[in-house]
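Let me begin by presenting the structure, written as structure tokens, before commenting on it.
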Amino acid sequence: MAAETKQTIDSTGEIIESTGKWAIALREKDVEAVISYYDSDVVMFDVVDPLVSNGTDLLRTRLTEWLSSFDGHMGFEVSDLKIEAGNYIAFCHGLNRVIGTKVDGVKIDMCWRATLCWRKIDGDWKITHSHASVPFNMETGMASLDLKP
């Protein structure tokens, strides 16, 4: 096996492991653990305003607000994960799903598309770009929040 091929296999395994631990941190609503997977200059395209945001300071604020909006346990899973990885750059895309009850009693069961771009920085894989999106109904202009994989 060529060294580059072995490195690609190793990188893919590392991205699978990192993505899994990132998802666990989200389920546990551990903001600092989630943040630890991001580069401080991360660029984010999210499903909520603003159109684009940068940096872990804003991410920390957004995560704190979002995760604290759930009453008790919050389910979070990643499905259909596809990964392309090289020695120092990787990206993965898949479907994210969150299930839980908000503090106002509203039940949530929502899926969205997600892409994470990773870069190996000082030996650790860090998310440098995050893109989340929800499809919309072209007739109504409304987000399609009830779609499931």
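Values quoted throughout were computed directly from the atomic coordinates according to the rules given, and no laboratory measurement underlies them. Source: prediction; values computed, not measured. Reconstructed Cβ throughout: ideal geometry from the backbone, glycine too, with neighbour counts over all protein chains shown.
Descriptive notes on the structure:
- Residues (within 14 Å of Ser130 (Cβ to Cβ) and surrounded by 11 or more Cβ atoms within 10 Å (Cβ to Cβ)) located in the stretch 49-84: Ser53, Asn54, Gly55, Thr56, Leu58, Leu59, Arg60, Arg62, Leu63, Trp66, Val78
- Single unsatisfied condition, Glu77 versus (1) free of Cβ contacts under 8 Å to residues at least 60 places away in the same chain; (2) in contact with a Gly (Cβ under 7 Å, 6 or more places away or on another chain); (3) under 21 Å from Trp112 (Cα atoms): (2)
- Residue check for Glu139: among the acidic types (Asp, Glu) and either buried (at least 18 other Cβ atoms within 10 Å of the Cβ) or within 17 Å of the chain's Cα centre (by Cα) (or both): no
- Every test in (1) more than 18 Å from Met110 (Cα to Cα); (2) not in a helix (DSSP H, G or I) is passed by Trp22 save one, and that test is (2).
- Residue that is more than 20 Å from Arg27 (Cα to Cα) and more than 13 Å from the chain's Cα centre (by Cα), where the choices are Ser53, Ser68: Ser53
- Contacts under 6 angstrom Cβ, first residue in the stretch 105-125 being among the hydrophobic types (A, V, I, L, M, F, W, C), partner loosely packed, with under 13 Cβ neighbours inside 10 Å, 6 or more apart: Cys111/Lys148
- Boolean, Asn87 is surrounded by fewer than 16 Cβ atoms within 10 Å (Cβ to Cβ) and either over 19 Å from the mean Cα position of the chain (by Cα) or of a type in the set (S, T, N, Q) (or both): yes
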